[in-house]
Amino acid sequence: MRKFLQELVTEVAYYLEIALSIILAIALIFFTLSLGQQLFSTVIGNSSDVNSLFQTFTSNAMTIAVGIVVIKMFSKPSPNTVIEVLLFAIARQLVVNHPSEVEFLIGIVSVAVLFAVRKYLFTPFDTSNHIIMRASQKVKMANIIARVHIPAKPDETLRDFMVRQLTE
């Protein structure tokens, strides 16, 4: 019963992540349209404060870019996408906010550390492409664990499924 509840909570969390990704994608579409409208009004209008307009436009564009990477992180969670989100967020802070020299140096060191972590400390242990299951495993459970859809008969094992497919 405990294992069933753990799997149920995991599945619910997975679908909540997908729902959150969809909501975030819809919001980012509206923000991108707003950014295009902002660019159009900037080009048409004769504003005297071009620096402020460019600063606002760049800030909004970088925020949308961070949002897009967050959607990638939700849809394909991996250490690599987490590093990408952090890199985009730090780059946004460095480009948009014009930090002091010390904050800028800390940001550059942070980016260098993230690149070093990505290059030297990543291991392929967390890839779900290498799931190994026994032949006695039920196809229904294998579909849930691997998040795939293998069309099978009720209560068919992986062994039975493979034998049936090979004989066909």
Subject >> Over the chain, relative contact order from alpha-carbon pairs under 8 Å, at least 6 apart, % >> reply: 15 percent
Subject >> Label-point separation, Val12 to Ser78 (7 Å along Cα→Cβ), nm >> reply: 2.9 nm
Original post:
How large is Rg over Rh for segment 95-168, taking Rg from the Cα atoms and Rh as the Kirkwood inverse mean of 1/r across Cα pairs?
Top reply: 1.43
Subject >> Computed label-point distance, nm, for sites Ile108 and Leu5 using a 7 Å Cα→Cβ extension >> reply: 5.4 nm
Subject >> Lys pairs, the chain - Cα-Cα below 25 angstrom, 8 or more residues apart or on other chains >> reply: 9
Original post:
Considering the dipole of the chain built from charges on the beta carbon (Lys and Arg +1, Asp and Glu -1) around the Cα centre, which of Ile132, Pro154, Ala116 is farthest to its positive end?
Top reply: Pro154
Original post:
Given a 1.4 Å probe and every protein chain left where it sits, what share in percent of the accessible area of segment 14-168 is carbon and sulfur?
Top reply: 68 percent
Subject >> Size of segment 53-97 as Cα extents on the principal axes (Å, biggest first) >> reply: 36, 16, 7
Subject >> Theoretical ellipticity at 222 nm over the chain - DSSP helices of four or more residues, -39500 (n - 2.57) apiece, nearest 500 >> reply: -26000 deg cm²/dmol
Subject >> In nm, spacing of pseudo-spin labels at Thr58 and Thr32 (7 Å Cα→C-beta vector) >> reply: 2.2 nm
**OP:** Report the local net charge at Gln55: Lys and Arg +1, Asp and Glu -1, summed over other residues whose C-beta lies under 13 Å from its C-beta.
**Re:** 0
Original post:
What is the Cα radius of gyration of the chain over 2.2 N^0.38 Å, N being its residue count?
Top reply: 1.53
**OP:** Summarise the long-distance tail of P(r) for segment 1-62 by giving the % of C-alpha pairs beyond 18 Å.
**Re:** 58 percent
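The values are calculated or read from the model by the stated rules, or taken from the named source; none is laboratory data. Everything numeric here is computed off the predicted structure, so don't read it as measured data. Here Cβ is always computed from backbone atoms with ideal geometry, including for glycine, and neighbour counts include all displayed protein chains. Side chains are part of the model used for accessible areas, which takes the heavy atoms of the whole protein and leaves out ligands, DNA and RNA. Shrake-Rupley method; radii C 1.70, N 1.55, O 1.52, S 1.80 Å.
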